[in-house]
Structure formats: C-alpha cells, structure tokens
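The structure under discussion appears below in the form of structure tokens.
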Amino acid sequence: MSRQITVAAAQLGPIARNDSRAQVVGRLIAHLQEAKRLGCDLVVFPELALTTFFPRWFMTDAAEIDSFFEHRMPGPDTQALFDEAKRLGLGFSLGYAERTPEGRHFNTSILVDRDGTIIGKYRKVHLPGHREHEPWRRFQHLEKRYFDESDTGFRVWRAFGGILGMCICNDRRWPETYRVMGLQGAEMILLGYNTPVHNPPAPDHDALSLHHNTLVMQAGAYQNGCWVVGVAKAGNEEGVPMIGGTQIIAPSGMTVAATRGEGDELAVAVCDLDACLSYKSTTFNFAAHRMPQHYGLIVERRGAELPP
Ligand code: ING
C-alpha cells in the first residue's frame, strides 16, 4: 500500500517592487493550472510569494512597509487564488508577509486544503540578517527589523493522507528545524525561500550558495526520514540575483525532481509517504536510538561556550 501525493514545487522568477498583487496572483494561478494538468494534488509556493523580497531595502515609512503585508488571508487580492485552487481540487502552501489585526508582523506560510480551508499556519522562527541600516552592504537583509519573532514554533498537521510540516527559508539551514518536526512524525516538510546569491557578511560563500541550499535540505530529509520540498523565488529581482535550486527530496536524501532555470517553473514528483518508513523504522528510529540525555546543550545554550 502506498500513500502517494503528487507534488508541484512551484518556483517563481523575480517579482518586481511595483508588480501588483493581481499580476502575481495571476502567475500563481497559472502554476495551479499547470500543476492540475500534470496530475498534482499539492502545490508548494515560495517564501513571500506575493511581493518582491522587500527586506532588501531600508525603509522607515510605515505605510510603505505596510504595503508589502497582507491584512487578511484570503483577502481581496488572494481570494481568486483560493477560489481557483478549490475549483481545481488542489491543496497549496503559500508564503507571505502577514500583518495581524493586532498589528504584529510575521514572515508566514499557510497550508491550504483542497476545499480552500486553511489547515495550518507557520510563522518563521529563524529570522536572518539584521535590524538596523547597514549601508556597507550592497543590499540589506532586514528581516529582524520587519518581522516579529515566531509565536507558532514548528508544528505538523495531518493532511493529504500524511503528516506535513512547514518552515521558511533560513529555517532550512538549522538541523533543529527538521528534528523538531521529525519528533512530531513529519513525513513531508514544505518550505519556500528567497536566497540572494551574494551574502554580504560572507562573500566567499557565494560560489557555494546552491551547494549549501541542497546540502541542508538533503540532510534534513535523510536525518528525519521525510520528504522535503524546497521552492525558490529565483532570478534577478530588483537588481539582486537570487538562487534557484528548487527541488523535491526523498527520505533517502536524494533529489528526485528539480527546476532547470530561474523563472516560473514547476518541478513535479509522485511522493510516496510510505517511503519514510524504511528510514524512520531503522537508521532513524528515534525511540530506539536517540540519546536525549546527552543533547542538553542544544536547548540550554544559544551561542557556543568554549572550554577554558
Ligand atoms: N534568506 C537567506 C537564507 O537563509 C541567507 C538568508 C542567505 C543566509 C545566504 C545565509 C546565507 O536562505 C532568507 N530569506 O532567509
């Protein structure tokens, strides 16, 4: 017996600062329609999939900053996306900038069922970059300025016949992300990212940006016996080249589908959730092999403390 989900990793090319929500939603709907044609059940969109990656700019005008956030989901600009997904019988995950009714701001991802119901919401835990304007940088990375810290943590949901989790972008670089969801039985982790090729504090890493992207997601998949779907917003966005590298990774750690370019492109795979079992029941049988009594420092310490 196999529990199969056919998944579309729905990569987006650049979104311009002045692209309207309607223009972007039109691109997302085109992805839904192509995914349906290819027999998909679930479509995974990138992080901040409704706007350009605005944390690249230092802004002080509250109205300008707020223009990048959604006050309601679905809202007037996104209802068409929910309606088309429901009409096609497709589930999807979507990354966007969330402004809550109380005025809090999050880098958010939602999981939406085939009937348009929002099953789950995740708010980004690992906010990279910095809080203040750092003019020495070719471009800013002000996620610590524009987004509040997560109040959801890492959760999973029973959906599409399995146990699904979500994370966002920088989260994928931290092994704790996958393990916390692995300890909740995650069989598939959906994540989107907006990753500049150039990392101002570490330019010598730039040539390895695609390698690091694949490395961390393949490791997370294998070490937790789960599928990982990583989806880029890619290409040269407002003068900042962003990596592609969208891919679907099996519990074996092998990439089974990947995009070729840096534009709007689907990578599709038939994902058998039962493929998780041979890893979760042997090599990564957590209950049989983990030794949490020796892992205390992982939770007790934030930064490393060196020996005397
Ligand atoms: N972007 C980047 C990411 O983690 C980054 C930030 C780039 C970190 C390069 C390290 C190296 O993929 C987001 N949005 O988190």
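The values are calculated or read from the model by the stated rules, or taken from the named source; none is laboratory data. Fair warning: this is a prediction, and the values are worked out from it, not measured in the lab. So basically every Cβ, Gly included, is an ideal-geometry build from the backbone, and we count neighbours across all protein chains shown. Surface accessibility is based on the protein's heavy atoms, side chains included, excluding ligands, DNA and RNA. Shrake-Rupley method; radii C 1.70, N 1.55, O 1.52, S 1.80 Å.
A few remarks follow.
- Beta bridges per DSSP with both ends in the chain, % antiparallel, nearest 5: 65 percent
- With a Förster radius of 30 Å applied to the C-beta separation of His71 and Glu134, the computed FRET efficiency comes to 0.55.
- Listed residues His105, His205, His126, most fluctuating in the chain (Gaussian network, C-alpha, under 10 Å): His205
- Scalar couplings 3J(HN,Hα) for region 2-11, obtained by applying the Karplus form with A = 6.51, B = -1.76, C = 1.60 to θ = phi - 60°, are 10, 9, 9, 10, 8, 10, 10, 8, 9, 5 Hz; x denotes Gly and Pro.
- Relative contact order (%) - the chain, alpha-carbon pairs under 8 angstrom, separation at least six: 21 percent
- Applying 1/(1 + (r/R0)^6) with r as the Cβ-Cβ distance of Ala62 and Lys86 and R0 = 35 angstrom yields a FRET efficiency of 0.50.
- Extension gain, Ala207 back to Ala219 (0.36 nm per residue minus Cα-Cα distance, nm): 2.3 nm
- Net dipole in debye of region 4-300 [+1 Lys, Arg Cβ; -1 Asp, Glu Cβ; about Cα centre; nearest 20]: 400 debye
- Across Trp136, Trp157, Trp57, mean-square fluctuation computed from a Gaussian network of the chain (C-alpha pairs under 10 Å connected) peaks at Trp136.
- Among the GluC sites (Glu not before Pro) in region 38-113, those placed in a DSSP loop whose Cβ has at most 14 other Cβ atoms within 10 Å are Glu102.
- For Lys121, a cut-off of 25 angstrom between C-alpha atoms picks up these lysines, skipping any fewer than 8 places away in its own chain: Lys36, Lys86, Lys144, Lys233.
- For the chain, the mean residue ellipticity at 222 nm estimated from helices alone is -6500 deg cm²/dmol, where every DSSP H run of n ≥ 4 contributes -39500 (n - 2.57) and the total is divided by all residues, rounded to the nearest 500.
- Based on the Stokes-Einstein relation at 10 °C and a viscosity of 1.306 mPa s, and on the Kirkwood radius from alpha carbon pairs, region 26-135 is assigned a translational diffusion coefficient of 106 µm²/s.
- Computed over protein heavy atoms with a 1.4 Å probe, the accessible surface of the chain works out to 44 Å² per residue.
- ³J(HN,Hα), Karplus 6.51/-1.76/1.60, whole Hz, each residue of region 141-158, x for Gly, Pro: 9, 8, 5, 5, 7, 8, 10, 7, 5, 4, 10, 10, x, 9, 10, 10, 9, 7
- In this structure, the amide hydrogen of Thr6, modeled 1.01 Å from its nitrogen in the peptide plane, lies closer than 5 angstrom to those of Asp41, Leu42, Cys271, counting only residues at least 5 positions away or on a different chain.
- For region 57-164: relative contact order, % (alpha-carbon pairs under 8 angstrom, 6 or more apart): 21 percent
- Rounded accessible area of Lys144 (nearest 10 Å², 1.4 Å probe): 70 Å²
- Dipole magnitude for region 268-308: computed about the Cα centre from +1 point charges on Lys and Arg Cβ and -1 point charges on Asp and Glu Cβ, it is near 140 debye.
- Placing +1 on the Cβ of every Lys and Arg and -1 on the Cβ of every Asp and Glu, with nothing else charged, gives region 1-131 a dipole about its Cα centre of roughly 280 debye.
- Apportionment of accessible area to carbon and sulfur, region 4-300, percent (1.4 Å): 53 percent
- Sorted from longest to shortest, the spans of the Cα atoms of region 4-300 along the three principal axes equal 54, 47, 39 Å.
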